[in-house]
Amino acid sequence: MKCREKCAACCIAPSISSPIPGMPNGKKAGERCVQLDDEDRCRLFMHRDRPVVCRKLQPSEDMCRTSKQEALVYLTELEEQTKPD
Ligand code: SF4
Ligand code: SF4
């Protein structure tokens with residue numbers, strides 16, 4: 001499937017532990033990535049500094065659901081289930 005316009009749920013809900021330009025310690029769950037532009041697009045999309053974890057992530061029906069809100073809920077729940085105790 002194709003990534004939805006103006007979604008960015010997967011750039012907000014999950015935590016990212018690897019450094020992101022402008023976020024040297026990665027980002028916390030629920031934190032908006034500083035590399036998102038005003039149109040919710042990744043400024044690093046074709047850039048080599050884009051984290052590997054971002055490059056590997058592919059849109060899928062499981063993750064993206066049918067709306068940004070649904071994807072945010074799904075990814076937030078997933079984050080809660082997978083975070084270390
Ligand atoms: S959750 Fe899916 S549709 Fe939304 S930005 Fe990420 S890949 Fe694109
Ligand atoms: S670097 Fe780009 S793809 Fe990765 S979380 Fe930030 S905006 Fe999203």
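Selection of the stretch 40-65 for residues being more than 13 Å from Cys3 (Cα to Cα), of a type in the set (A, V, I, L, M) and either more than 8 Å from ligand 2 (Cβ to nearest atom) or under 12 Å from the mean Cα position of the chain (by Cα) (or both) yields Met46, Val52, Val53. Filtered by the rule that a residue be aliphatic (A, V, I, L, M) and within 8 Å of the chain's Cα centre (by Cα), the stretch 1-15 gives Ala8, Ala9, Ile12, Ala13.
Tally time: how many residues in the stretch 11-26 are touching a Cys at 6+ places or on another chain (Cβ under 8 Å) and not β-branched (Val, Ile, Thr)?
Of the residues in the stretch 11-26, 2 are touching a Cys at 6+ places or on another chain (Cβ under 8 Å) and not β-branched (Val, Ile, Thr).
In the stretch 51-78, the residues that are on the phi < 0 side of the Ramachandran plot reach residues that are at pLDDT 95 or above and of a type in the set (Lys, Arg) with C-beta atoms within less than 6 angstrom, at least six apart or across chains, in these pairs: Ala71/Arg65; Tyr74/Arg65. The set of residues from the stretch 19-72 being within 24 Å of Pro84 (Cβ to Cβ), open to solvent by 40 Å² or more (accessible area, probe 1.4 Å) and in a loop (DSSP other than H, G, I, E, B) comprises Pro19, Pro24, Asn25, Lys28, Ala29, Gly30, Glu31, Arg32, Leu57. Here Glu79 meets the list (1) open to solvent by less than 100 Å² (accessible area, probe 1.4 Å); (2) at pLDDT 95 or above almost entirely, failing just condition (2).
The values are calculated or read from the model by the stated rules, or taken from the named source; none is laboratory data. Because the structure is a prediction, the values reported are computed rather than measured. Don't worry about glycine lacking a Cβ; one is built from the backbone with ideal geometry, like all the others, and counts go over all protein chains shown. Note: accessible area is taken over every heavy atom of the protein model, side chains too, but ligands, DNA and RNA are not part of it. Shrake-Rupley method; radii C 1.70, N 1.55, O 1.52, S 1.80 Å.
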